[in-house]
Amino acid sequence: MVILRLPEEIDKIRASNHIVAEILSILRERIAPGITTADLDRLSEELARKKGAKPAFKGYKGYPYSLCISVNSEVVHGMPSGRVLIPGDIVSLDFGVNYKGYYGDAAITVPVGQISGEAMRLIETTEKGLYHGIKEARTGNRLGDISAAIQRSAETAGFSVVRDFVGHGIGKNLHEEPQIPNFGVKGRGIELKNGMVLAIEPMVNEGTYKVRVLDNGWTVVTQDGKLSAHFEHSVAITENGPDILSVVH
Ligand code: MF3
Ligand code: CO
């Protein structure tokens with residue numbers, strides 16, 4: 001069942017997502033050659049706790065960290081470590097919190113120093129794909145309209161969309177119905193309604209869409225070792241169209 005939220009509830013999910021957006025923007029500024037992914041994880045947790053929020057991923061299905069940090073060929077669920085970021089890396093930061101009972105969840109991909117033109121094009125294409133998907137998040141549309149818009153924009157640019165991981169509803173749980181694939185057919189799937197809150201999160205690969213999970217049980221990497229990027233926003237469907245909750249105002 002897909003839950004329809006009242007405007008008051010959407011504002012509570014917004015408050016949580018504001019915290020996420022603010023923290024992601026601080027982390028983005030900290031990213032530079034020499035910092036380790038564990039440094040960023042510690043900082044994310046410290047910032048969340050200062051705001052009275054709980055890191056949402058820590059302990060979720062046993063995940064041991066606050067932040068997911070996926071570097072280069074890592075797609076999602078990369079684990080913070082002593083890895084030192086170097087110029088040319090691309091780094092996906094995926095962060096979530098629980099604040100007063102409601103969840104926020106968002107992700108960005110950030111360059112470290114100077115990166116290749118192709119890596120920059122991958123990052124930009126993935127972010128644009130997210131916004132193409134968000135544009136379709138309006139009442140009367142179908143879930144497949146979001147999925148198809150994301151897929152089309154990534155594939156038109158010559159990239160591929162990951163099949164094995166999807167976006168999700170969000171609210172009183174980190175993951176709620178519906179699942180939101182980043183590929184699909186326009187006009188298919190459930191009808192979208194005002195009050196739905198969706199975490200839309202395209203994962204776009206430079207080469208094959210195929211992925212595998214490392215032996216640590218978490219880190220998802222591309223099968224061909226090529227780059228991957230990830231962007232995510234939590235979005236409410238309202239009578240005024242899509243309302244992006246995970247932005248700092
Ligand atoms: N944003 C991701 C998601 O929506 C990360 C959660 S995975 C976790 O699934 F297990 F680390 F929490
Ligand atoms: Co998510």
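The values are calculated or read from the model by the stated rules, or taken from the named source; none is laboratory data. Not measured: the values here are computed from a predicted model. Note that each Cβ is placed from the backbone with ideal geometry, even for glycine, and that neighbours are counted across all protein chains shown. Quick note on the areas: whole protein, heavy atoms, side chains included, nothing else; ligands and nucleic acids left out. Shrake-Rupley method; radii C 1.70, N 1.55, O 1.52, S 1.80 Å.
Using only helices, what value at 222 nm comes out for the chain when you add -39,500 (n - 2.57) per DSSP H run of length 4 or more and divide by the total residues, to the nearest 500 deg cm²/dmol?
Numbers: 4 runs with 71 residues, N = 249.
Per the formula, -9500 deg cm²/dmol.
Return the FRET efficiency for the residue pair Tyr60, Gln114: r is the Cβ-Cβ distance, R0 is 41 Å, and the value is rounded to the nearest 0.05.
Numbers: r = 35 Å, r/R0 = 0.85.
Efficiency computed from Cβ-Cβ geometry: 0.70.
Which residue, Gly88, Gly171, Gly217, tops the fluctuation ranking in a GNM of the chain built on C-alpha contacts under 10 Å?
Gly217
Using a Cα distance threshold of under 19 Å, what count of lysine pairs results for the chain when pairs must be 8 or more residues apart or interchain?
Count of close lysine pairs: 21.
If you take the C-alpha gyration tensor of segment 134-220, multiply each eigenvalue by 5 and take the square root, what semi-axes do you get, largest first, in whole Å?
On the way: eigenvalues 108, 65, 14 Å².
That gives 23, 18, 8 Å for the three semi-axes.
Which value in nm describes the separation of the simple spin-label points at Asp164 and Asp11, placed 7 Å from the Cα toward the beta carbon?
Going from the Asp164 label point to the Asp11 one covers 4.3 nm.
Within segment 214-241, whose backbone N sits under 19 Å from a point 7 Å along Cα→Cβ of Glu191?
237-241
In whole Å, what is the distance between the alpha-carbon centres of segment 23-53 and segment 133-193?
Taking the Cα centre of each part, segment 23-53 and segment 133-193 sit 29 Å apart.
Using only alpha carbons, build the gyration tensor for segment 7-244 and give me the equivalent ellipsoid semi-axes, biggest first, whole Å. Could you put the intermediate results ahead of the total?
Values: eigenvalues 133, 103, 43 Å².
The answer is 26, 23, 15 Å, longest axis first.
Among the complete DSSP H segments of the chain, which ones combine at least 24 Å of alpha-carbon extent along their axis with a mean Kyte-Doolittle hydropathy of -1.0 or more? Write down the numbers at each step before the final one.
On the way: long enough: 7-30 (34 Å, -0.29); 117-135 (27 Å, -0.51).
In the chain, the long hydrophobic H runs are 7-30, 117-135.
Enumerate the calculated ³J(HN,Hα) couplings along segment 102-107 in order (Karplus 6.51 cos²θ - 1.76 cosθ + 1.60, θ = phi - 60°), each rounded to whole Hz, writing x wherever the residue is Gly or Pro.
10, 9, x, 7, 7, 8
Give me the percent of the accessible area of segment 7-244 that comes from carbon and sulfur atoms, probe 1.4 Å, all protein chains in place. Please report the intermediate quantities before stating the final value.
Values: 4840 of 9940 Å².
About 49 percent, which is the carbon plus sulfur part of the accessible surface.
Treating only the Cβ of Lys, Arg, Asp and Glu as charged (+1, +1, -1, -1), what charge dipole size does segment 92-249 show about its Cα centre? Round to the nearest 20 debye.
On the way: 15 positive and 19 negative charges, 58 e Å.
In debye, rounded to 20, segment 92-249 gives about 280.
Could I get the Rg over Rh figure for segment 1-142? Both from C-alpha atoms, Rh via Kirkwood, rounded to two places.
We get a ratio of 1.00 for segment 1-142.
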